[in-house]
1. Classify the stretch 1-111 from the C-alpha gyration tensor, please: rounded if a/c falls under 1.5, else prolate or oblate depending on whether a/b exceeds b/c.
2. Which of ILE170, ILE100 comes first, and how do the rest follow, when ranked by fewest Cβ neighbours within 10 Å?
3. Of the candidates HIS120, HIS46, HIS167, which one comes out as most mobile in a Gaussian network treatment of the chain with C-alpha springs shorter than 10 Å?
4. Relative contact order for the stretch 18-183: what percent, with Cα pairs under 8 Å and sequence separation of 6 or more?
5. Rounded to the nearest 500 deg cm²/dmol, what is the calculated helix-only ellipticity per residue at 222 nm for the chain, with -39500 (n - 2.57) per DSSP H run of length n ≥ 4?
6. Of PHE44, PHE11, how do they rank once you tally other Cβ atoms within 10 Å and put the fewest first?
7. Rounded, prolate or oblate: which fits the stretch 96-173, taking a ≥ b ≥ c as square roots of the Cα gyration tensor eigenvalues, rounded meaning a/c under 1.5, else prolate when a/b beats b/c?
8. What FRET efficiency do you get for VAL69 and ALA166 if R0 is 25 Å and r is their Cβ-Cβ distance, rounded to the nearest 0.05?
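Where a number appears in this text, it was derived from the coordinates with a stated rule and is not lab data. Nothing here was measured: the structure is a model prediction, and the numbers come from that model. No Cβ is skipped: glycine too gets one built from the backbone with ideal geometry, and neighbour counts run over all protein chains shown.
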Amino acid sequence: MGFTREQLKAFEGRTVPDLLGPDIRLLFVGINPGLWTAATQTHFCHPSNRFYQALRRAGLIDLDIDTDVGMTDAQRAEFLARGMGVTNLVSRATARASEIAAGELRDGGDRLLATIATLHPTVVAIAGVTAYRTAFGQPDASLGRQEPDVSGAEIWVIPNPSGLNAHETIDSLARWLGEVGRVAGLL
């Protein structure tokens, strides 16, 4: 299928519903939806994004997500049934994460804390150390587990799976995803 730049531009500012259910053990958190994600209504959905490939390699899913069209309802149900969910720090879609203001990230951090208090996941995996640093006022944070826990959930910062994060590979991302999956009790 694919989209032209003009078609994608129409999705600026749109939102993608959170993929959440009552039994989330592992909550993935993106920075914000990209335009392709907004067009397909599927988090982390872009042909260059390695999220679903890395999840599969880590053994957390057995789904083939078509990045041209996004998840089917059955795939969303299976993802949730595995105990995983997805949300974003900022809900509005942009062409680049750099279009998000620091205040939006901080507000998103506050919303995420409320979501964690409501859902009580075992692990929260935030994809992107720079966004985490800004959202939570932790300028020296690095990848890995963060302290303290929040509402009983371990907080982890993992690499952003975007294709723009060129120094990460599907294998390196799969190692991170496998680690948070093990901590959440899903592997």
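1. On the way: a/c = 1.96, a/b = 1.19, b/c = 1.64.
Because a/c hits 1.5 or more and a/b fails to exceed b/c, the stretch 1-111 counts as oblate.
2. Details: ILE170 15, ILE100 20.
Taking fewest neighbouring Cβ atoms as first place, the list is ILE170, ILE100.
3. HIS167
4. Details: 299 pairs, mean separation 52.4, N = 166.
Over the stretch 18-183, the number comes to 32 percent.
5. Details: 7 runs with 67 residues, N = 187.
Using -39500 (n - 2.57) per qualifying helix, the result is -10500 deg cm²/dmol.
6. Working: PHE44 25, PHE11 22.
Ordered from fewest to most neighbouring Cβ atoms within 10 Å, PHE44, PHE11 come out as PHE11, PHE44.
7. Details: a/c = 1.86, a/b = 1.26, b/c = 1.48.
Oblate, because a/c is 1.5 or more while a/b does not exceed b/c.
8. Working: r = 26 Å, r/R0 = 1.03.
Using R0 = 25 Å, I get an efficiency of 0.45.
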